[in-house]
2 protein chains.
Amino acid sequence: MHSPELLKGTLQTILLKVLTDNGKMYGYEITQKVKELSMGRILLTEGALYPALHKLEAEGLLQTETVLMGKRVRKYYTITPIGKSLVKERVAEFRDFIKTMSSVLQVQMA
Amino acid sequence: MHSPELLKGTLQTILLKVLTDNGKMYGYEITQKVKELSMGRILLTEGALYPALHKLEAEGLLQTETVLMGKRVRKYYTITPIGKSLVKERVAEFRDFIKTMSSVLQVQMA
DNA sequence: GTCCTATACATAATTCTCTTATGTATCAAG
DNA sequence: CTTGATACATAAGAGAATTATGTATAGGAC
């Protein structure tokens, strides 16, 4: 992660949403996509990314498919139906959080 | 804290902003104000609040004044000039974070 | 008169999430 | 033949919060 403490707790939401929008992706590809979407402001670190992906898989929100590209291993992640229902909740939760914070900080977040 | 992981890293910003907007306040009063502003969604816990206030004081962003109300002790906090300049940065940082997240999650945060 | 809730401060132990560090390995460019 | 990008993974440590605990006053319910 590049930006400060604020990102804590948003990683799962980011992963689920990016996988929802882009279909099958592998870890490194996700870091690049998030970097692109955030205009370089969110740089996922491997130490956070891989454990998070493993956890989401263990919870049945993602499923994997390992592919050999030449001699390189790639592990593709796809969101499951359960994951799809959760991502909606998570994004809604995030929007709620923004509304609440706007109210507390008395600022317009448009 | 009541809401999930999302609030991590926002506590300092909340404290500085609330003290900027409301002038002199004491700990318990801050929890009530934040509860009110957030419509009951952000419930500051004492274990987070007091260490955070002490830290901000140690850093010179807040200054204190202890008052005896009857037999009860109250510790009032006021934001310092240094604190005032920081709160602007923090709020701006938060708005940036929202913009970035909106872009990554591909949602409108209006 | 006593118990519960609210007010009011504070700290310690624990948990959770992420960063930093480390490790392995392929591949292309210069 | 070395460097940087690609590609995975785990372990040690740091930071911020939750939960638990402690002290104490005050008011209302019962």
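Summary of computed values
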| read-out | value |
| --- | --- |
| Gain in span if fully extended, B:Lys35 to B:Glu93, counting 0.36 nm per residue against the direct Cα distance | 18.6 nm |
| Segment A:Asn22-A:Leu68, extension gain: residue separation times 0.36 nm, minus the distance between their alpha carbons | 14.5 nm |
| For A:Lys8, label point 7 Å along C-beta direction: distances to other copies, nm | 0.5 |
| Cα→Cβ-extended label distance, 7 Å offset, between A:Leu43 and B:Thr45, nm | 3.3 nm |
| Summed side-chain charge close to A:Met69 - residues other than A:Met69 whose Cβ falls under 12 Å, Lys, Arg +1, Asp, Glu -1 | +3 |
| Averaged over A:16-29, number of beta-carbon atoms from partner chains that fall within 10 Å | 1 |
| Cβ-vector label at 7 Å, A:Ser103, separations to other copies in nm | 2.9 |
| Identity and axial distance of the chain A residue whose Cβ lies nearest the axis relating A to B, Å | A:Lys8, 2 |
| Karplus (6.51, -1.76, 1.60) ³J(HN,Hα), θ = phi - 60°, over region A:55-68, in Hz, Gly and Pro reported as x | 5, 4, 5, 4, 8, x, 8, 10, 10, 10, 8, 9, 10, 9 |
| CD proxy at 222 nm, helix term only [per DSSP H run n ≥ 4: -39500 (n - 2.57); per residue of the protein assembly as shown; nearest 500] | -18000 deg cm²/dmol |
| Label point 7 Å beyond Cα along the C-beta direction, distances from A:Ile82 to other copies (nm, shortest first) | 5.0 |
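Quick note: the coordinates plus some simple rules give every number you see, no bench work behind them. Model, not experiment: these values are computed from the prediction. Don't worry about glycine lacking a Cβ; one is built from the backbone with ideal geometry, like all the others, and counts go over all protein chains shown.
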